[in-house]
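The values are calculated or read from the model by the stated rules, or taken from the named source; none is laboratory data. The structure displayed is predicted, hence computed values, not measured ones. For neighbour counting, all protein chains shown are included, and Cβ atoms are generated from backbone atoms with ideal geometry for every residue, glycine included. The protein model used for the area step is the full one, side chains on, heavy atoms only, and it has no ligands, DNA or RNA in it. Shrake-Rupley method; radii C 1.70, N 1.55, O 1.52, S 1.80 Å.
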Amino acid sequence: MEDSPFRRLPEDTIADILLRLPGKSILRSGAVCKAWRRITTTPHFLAARAGRQPASILVHAYLDAKPWACGDDLRAGFSSEDIALDALSASSPEEDRLRLIRYPGTKLNVPAHCGRLLASSDGVLLFKKDRGFYLLCNPITRQWAQLPRLPAEHCRERDPEYGFYFHQPSSEFRLLCCSLTRGIWYIVSTGATKPRLTNAKQDPELITRFVTPLLTTATMPVSLHGNLHWPPLWRFTANLGVSAAPETKMMAFDTVSEQFVQMSGPGSKTPKMVKLFEMGGLLGAADFGEEKHVDLWFIEDYSARVWSRRHRVASPWKYGSTGRPCNDWGMLSVAIAGDDEDNIIIGNNDGLVVYNLKKNGARTVDSVMQRKNRMFVSRHVFKGSLVEHASFAPPSADFPLIHSWS
């Protein structure tokens, strides 16, 4: 580097160049010299990188693999089929899918939750390895961590997990859980040794009318402005007057005060057919209640929490298609993610379309819709991160349940 013209460039210019590289190239650039390592690890650089990362939907690809050795009880339950987890963004060509990790599929004699992807937040994937046993991994930095294992009394609930988020003040990843039998909300976090009760005073029986567990929710909770948001489930009449108009209500969880708050939802006649998403720093909602089109709602002013319908796009499914979701269970297979360039990807394996809201353009993602490719769209959204967290183990190939990294 001593004779390189790069030495004469200002650090701001070097940082701007490095920001344009793919994530893996940025990680490798730190080995070039100490100056580049310092630039690519500053909070300012990492924040700028995070802001440039487009949100991607996660796609499961099923691959043939050699059978796992059956030397222990855990691996004996795995089949000779691998699952590859690919990230597909709205702004990139479909052939540029980013393969994140590859892990083994399971046999039917293994509980369905074992090794299952539960959620994603701030570049970190949350897996449920077993009842009360959770693993985190960042497929970009190849770091991983394990949440404190739940005590036996916390494992009596079948699906206690309701939200996964990054808590900015403490730099912890947190899993929000509920025990209906004990009537409590509790949090499991990196950096802790055991679960702790939240400050939430609301009755779990009441709150769970508006929120559903991570394993069964049609929309993953969206983290924005320090709150976790769940989509609306019901319509209510504000008063008993003849002219009273039904309105939708949705639930949010303040991750700082740890209190649940109710807020207005978008003006949908079919709230159970609504999926939430984040796009350009705004909270959005896609309404799939109509067969021929999808309405896109946004909260322009979050403090006022007023929804407005900004766009209406053609349905990603052909008229009469059996792939179009007709109820909230059908919504489990639908994905949606947007970026800062007004691109948004919407659909499932029977119809997946990228729309450009500014230019009114659209293109189909054909490779995912071809059954021979054995690819299946998930409802999970991923946004890569280069941040290395102190509570995570160093980059390693020894992450449990992972065959290979990206």
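See the values below:
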| quantity | calculated |
| --- | --- |
| Cross-chain or 6+ apart pairs with Cβ under 9 Å, the stretch 208-219 first and over 16 Å from residue 260 (Cβ atoms) and in contact (Cβ under 8 Å) with a residue 12 or more places away in the chain, then of a type in the set (Gly, Ala, Ser) and in a loop (DSSP other than H, G, I, E, B) | 215/112 |
| Output for the stretch 216-231, where each listed residue is in a strand (DSSP E or B) and closer than 13 Å to residue 176 by Cβ | 223, 227, 228, 229 |
| Residue within the stretch 145-162 that is assigned to a strand (DSSP E or B) and either aliphatic (A, V, I, L, M) or open to solvent by 50 Å² or more (accessible area, probe 1.4 Å) (or both) present | yes |
| Test set (1) charged (D, E, K, R); (2) touching a residue at least 60 places away in the same chain (Cβ under 8 Å); (3) out of contact with any helix residue (DSSP H, G or I) (no Cβ under 9 Å at 6 or more places or on another chain); (4) buried (at least 17 other Cβ atoms within 10 Å of the Cβ) - residue 341 fails condition number | (4) |
| From the options 92, 79, residue that is open to solvent by less than 70 Å² (accessible area, probe 1.4 Å), under 30 Å from residue 220 (Cα atoms) and modelled with pLDDT of 75 or more | 92 |
| Qualifying residues in the stretch 2-30 (those that are open to solvent by 90 Å² or more (accessible area, probe 1.4 Å) and assigned to a loop (DSSP other than H, G, I, E, B)) - the one modelled with the lowest pLDDT | 2 |
| Top-ranked residue of the stretch 323-341 - restricted to ones that are at pLDDT 90 or above and small (Gly, Ala, Ser), ranked as farthest from residue 272 (Cα to Cα) | 338 |
| Enumerated strands (runs of 3 or more DSSP E) restricted to the stretch 296-372, each holding at least 2 residues that are closer than 20 Å to residue 93 by Cα | 335-338, 343-348, 351-356, 361-364 |
| Selection count, the stretch 163-195, where residues are over 15 Å from residue 256 (Cβ atoms) and either charged (D, E, K, R) or open to solvent by 80 Å² or more (accessible area, probe 1.4 Å) (or both) | 4 |
| Unique match (being under 18 Å from the mean Cα position of the chain (by Cα), closer than 30 Å to residue 204 by Cα, surrounded by 18 or more Cβ atoms within 10 Å (Cβ to Cβ) and modelled with pLDDT of 85 or more) among 100, 118 | 118 |
| Single residue of the stretch 352-406 satisfying the filter (of a type in the set (Ser, Thr, Tyr), surrounded by fewer than 18 Cβ atoms within 10 Å (Cβ to Cβ) and at pLDDT 80 or above) that is nearest to residue 335 (Cα to Cα) | 364 |
| Complete set of residues in the stretch 196-207 that are open to solvent by 30 Å² or more (accessible area, probe 1.4 Å) and either at pLDDT below 90 or part of a loop (DSSP other than H, G, I, E, B) (or both) | 199, 201, 202, 203, 205, 206 |
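Here's the yes/no breakdown for (1) under 20 Å from the mean Cα position of the chain (by Cα); (2) on the phi > 0 side of the Ramachandran plot; (3) modelled with pLDDT of 90 or more:
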position: 232; (1), (2), (3): yes, no, no
position: 252; (1), (2), (3): yes, no, yes
position: 280; (1), (2), (3): yes, yes, no
position: 284; (1), (2), (3): yes, no, yes
position: 291; (1), (2), (3): no, no, yes
position: 295; (1), (2), (3): no, no, yes
position: 304; (1), (2), (3): no, no, no
position: 315; (1), (2), (3): no, no, yes
position: 321; (1), (2), (3): no, no, no
